[in-house]
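K.L.:
After the structure tokens below, expect a handful of questions from me.
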Amino acid sequence: MYRRAAALTAAGLAILGVAAPVHAETTNVGAAVTVSVDSAHPGGRLAADAVGLSFEMRELGIGNLDPAKGNMTQLMRTLGPSNLRIGGNTLDRDTLWVPAGQTPPDPKPAWVEDIVTPNDLKRLRSLLDATNWKAEVGVNVGRWDPALAADQVRTMDRILGKRLVAVECGNEPDQWEGKALRPPGFAYPQYHADWSACADVVGHGRIAGPDTAGTSSSWASSLAADEHARMSMLTVHQYASGPDITIDRMLAPGQITAQLKAVSSNLAAATANGLPMRVDEANSAYSGGVDGVSNKYASALWVIDYGLSMAQAGMAGVNIHGGLGVCNDPIWNGKFQRYTPICASSKAYELAQQYKVMPIYYGIWMTRQLGSGRFLPVTVNSTNNISAYAVKGNDGRTRIAVVQKDTAPAEITLAVGGRDRAASVLAMTGTGLDQEATTIQDATVDAAGRFHPVPSSARVEAGQLTLTVAAGSAVVVTL
Ligand code: BDP
């Protein structure tokens, strides 16, 4: 397994542009890399909520996402306002909606594991208000009950109000047949009929779907063509790979290209039908993630590339999926969610909703530092495994992210043009791609969920800024 070749100094990098001495660790710096930013041709938008979170419906049913407890509120504030999607397998398989004033059936149907009530939505509303996030919430269509669905939607409108950006009609319908939620032969026409029944209840203009497990599923492009007038967003799910993923494969240059290719047909269908699109459930590996990969530092590098590449390709956003159980333990029904950005270090902490963050959380945080604006074309002049993104912010600042996945540090010159000016730099580093330790500017998220890494200063001179970027690291430069 690859290890970072050189330890970092406190600042995390040497800013050669201000004639800082090249420190010892940079002596094995590889070939020079130039990243050229074309400020004259702004392209597609980076939305402020482009990289959000996704959780299972069960988290509502078991009392999680509670702003009155623990540090979830602060962990969401630390990321900054975004999109919280609530659905997943537990939506259709396990979750029963129980209307206000009613008690759960006794005995409960055998399939019911979790019960969601209006009180759970009130708690969610408080969390969304406290953090300034918005939510997409699912309705159980796998086990369809029109009266319950209508009550849930009315209640969501009343309680979540403007915080509800979209309703999902069921999770991963393309797997319902395999999960025995539908009879053999369940195909798009049958699904379309089920979806229409849900849409009749939800109402027009704010349905996100179809939330297919198949990233390239034709059900998504068919639904966009058939139902765009009743939809607000096209959604599919995407995991970088399955249980066979390795760090090397996750960070290989072809990985993101393959993920972009997998969404391309549905993204084109969304665009052709005037719908924005989100990958509203995403992570490194389905079936709960892979120990040693999904829960290690390498995942933080992958998610920066993933989130920014998807947005640059025209996706409205992605939601990184997780579960609020004990880190690296089975979370529900014996299933792991090793890819989770947020989890508890013990059962006691889980119950107190006092969480720690995993490496991928830091990667999400880095993507969030690019803010909102328009992507600028970037050319990376190198054969190294380095990627770069630039955004002209709505605030006028230019922000550049560089993800350095090589095994040696690199001297990277950012050719940004323009007058001499100050810049600031945030560097994310780890002790090894296969280790958990992750820091940004040597800082970590504290127990309260607060995070205030202090940027390094740098300077653009003669249109250029040169950084020595550690092996296996990422930087965000703000001009
Ligand atoms: C997705 C499901 C989600 C699971 C995930 C996984 O929507 O509930 O947690 O797979 O397999 O398909 O980890």
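FYI, it's all coordinate maths here, none of it is from the lab. Fair warning: this is a prediction, and the values are worked out from it, not measured in the lab. Don't worry about glycine lacking a Cβ; one is built from the backbone with ideal geometry, like all the others, and counts go over all protein chains shown.
K.L.:
Starting from the amide H of Leu433, placed 1.01 Å from N in the peptide plane, find each other amide H under 5 Å away whose residue is 5 or more places distant or on another chain.
P.N.:
Those qualifying (amide H under 5 Å, at least 5 residues apart or on another chain) are Arg4.
K.L.:
Go through Cys343, Ser39, Met233 and say which Cα lies farthest out towards the positive end of the charge dipole of the chain; charges sit on Cβ, +1 for Lys and Arg, -1 for Asp and Glu.
P.N.:
Value: Ser39.
K.L.:
Using amide H atoms built 1.01 Å from N in the peptide plane, name the residues 5+ places from Val51, or on other chains, whose amide H lies under 5 Å from its own.
P.N.:
Val318
K.L.:
Right, here's the next one. With a Förster radius of 56 Å, plug the Cβ-Cβ distance of Ala448 and Ala193 into 1/(1 + (r/R0)^6) and report the FRET value to the nearest 0.05. Mind showing how you got there, number by number?
P.N.:
Working: r = 49 Å, r/R0 = 0.88.
Calculated transfer efficiency: 0.70.
K.L.:
Would you mind checking segment 76-91 for residues with the amide N under 12 Å from a putative spin-label position 7 Å along Cα→C-beta of Ala48?
P.N.:
80-83
K.L.:
Going by how many other beta carbons lie within 10 Å of each one, how would you line up Ser241, Ser264, fewest first? List each step's numbers first, then the result.
P.N.:
On the way: Ser241 18, Ser264 14.
Least crowded to most crowded, the residues run Ser264, Ser241.
K.L.:
Would you report the distance distribution of C-alpha pairs in the chain as whole percents per 10 angstrom bin, up to the bin with the largest distance?
P.N.:
The percentages, shortest bin first, are 4, 21, 31, 25, 13, 5, 1, 0.
K.L.:
Using the count of nearby Cβ atoms within 10 Å as a rough guide to exposure, how do Met428, Met233 rank from fewest to most? Write down the numbers at each step before the final one.
P.N.:
Details: Met428 29, Met233 22.
Ordered from fewest to most neighbouring Cβ atoms within 10 Å, Met428, Met233 come out as Met233, Met428.
K.L.:
Shifting gears a bit: Expressed as a whole number of Å, what is the distance separating the alpha-carbon centroids of segment 316-379 and segment 106-147?
P.N.:
If we compute the Cα centre of each part, the gap is 21 Å.
K.L.:
Have a look at the DSSP beta bridges in the chain and tell me what percent are antiparallel, nearest 5. Provide the component values of the computation, followed by the final result.
P.N.:
On the way: 49 of 92 bridges.
Counting DSSP beta bridges with both partners in the chain, the antiparallel share is about 55 percent.
K.L.:
Turning to a different aspect of this structure: With each run of n ≥ 4 DSSP H residues scored as -39500 (n - 2.57), what mean residue ellipticity at 222 nm is computed for the chain after dividing by its residue count and rounding to the nearest 500 deg cm²/dmol?
P.N.:
Numbers: 12 runs with 129 residues, N = 479.
The helix contribution divided over the chain gives -8000 deg cm²/dmol.
K.L.:
Rounded to the nearest 0.05, what FRET efficiency do Glu461 and Val326 give with R0 = 35 Å and r taken as the Cβ-Cβ distance? Could you check? Could the numbers behind the result be given before it?
P.N.:
Details: r = 50 Å, r/R0 = 1.42.
Efficiency computed from Cβ-Cβ geometry: 0.10.
K.L.:
Moving on to the next point. With each label point set 7 Å from Cα along the Cα-Cβ vector, what nm distance links Asn385 and Ala352?
P.N.:
With each label placed 7 Å out from Cα toward Cβ, I get 3.9 nm.
K.L.:
If the only charges are +1 at each Lys and Arg Cβ and -1 at each Asp and Glu Cβ, what is the size of the charge dipole of the chain around the Cα centre, to the nearest 20 debye? Display every interim value, and only then the final one.
P.N.:
Working: 40 positive and 43 negative charges, 216 e Å.
Value, rounded to 20: 1040 debye.
K.L.:
I've got another one for you. Can you give the net charge of the other residues whose Cβ lies under 15 Å from the Cβ of Gly373, counting K and R as +1 and D and E as -1? Numbers along the way, then the final one.
P.N.:
On the way: positive: Arg45, Arg368, Arg374, Lys392, Arg397, Arg399; negative: Asp38, Asp49, Asp395.
Overall, the nearby charge balance is +3.
K.L.:
Positive end of the dipole of the chain, charges at C-beta (+1 Lys, Arg; -1 Asp, Glu), about the Cα centre: which of Ala110, Val98, Gly142 has its Cα farthest in that direction?
P.N.:
Of the options given, the answer is Val98.
K.L.:
Also: Find which of Asn119, Leu65, Ser372 sits farthest along the positive direction of the dipole of the chain, computed with +1 on the beta-carbon of Lys and Arg, -1 on that of Asp and Glu, about the Cα centre.
P.N.:
Ser372
K.L.:
Length gain on complete extension for the stretch Ser218 to Ala313, per 0.36 nm per residue less the alpha carbon to alpha carbon distance? Each step should come with its number before you reach the end.
P.N.:
Working: separation 95, 0.36 × 95 = 34.20 nm, distance 1.94 nm.
Gain on extension, Ser218 to Ala313, equals 32.3 nm.
K.L.:
Contour minus end-to-end for Ala272 and Glu436, with contour as 0.36 nm per residue of separation and end-to-end as the Cα-Cα distance? Walk me through the numbers before you get to the answer.
P.N.:
Working: separation 164, 0.36 × 164 = 59.04 nm, distance 4.19 nm.
Result for the pair: 54.9 nm of gain on full extension.
K.L.:
Arrange His192, His204, His237 by Cβ neighbour counts within 10 Å, fewest through most, would you?
P.N.:
Neighbour counts put them in this order, fewest first: His204, His192, His237.
K.L.:
Relative contact order of segment 49-368: what whole-number percent is it, with Cα pairs under 8 angstrom and at least 6 residues apart?
P.N.:
Numbers: 687 pairs, mean separation 57.7, N = 320.
Worked out over segment 49-368, it gives 18 percent.
K.L.:
Answer rounded, prolate or oblate for segment 390-459, using the Cα gyration tensor with square roots of eigenvalues a ≥ b ≥ c: rounded when a/c is under 1.5, else prolate when a/b is larger than b/c, else oblate. List each step's numbers first, then the result.
P.N.:
Details: a/c = 2.37, a/b = 1.39, b/c = 1.71.
Oblate shape, in that a/c is at least 1.5 and b/c is the bigger or equal ratio.
K.L.:
State, to one decimal in nm, how far the label point of Lys162 lies from the label point of Ala40, with both points 7 Å from Cα in the Cβ direction.
P.N.:
Those two pseudo-labels are separated by 4.2 nm.
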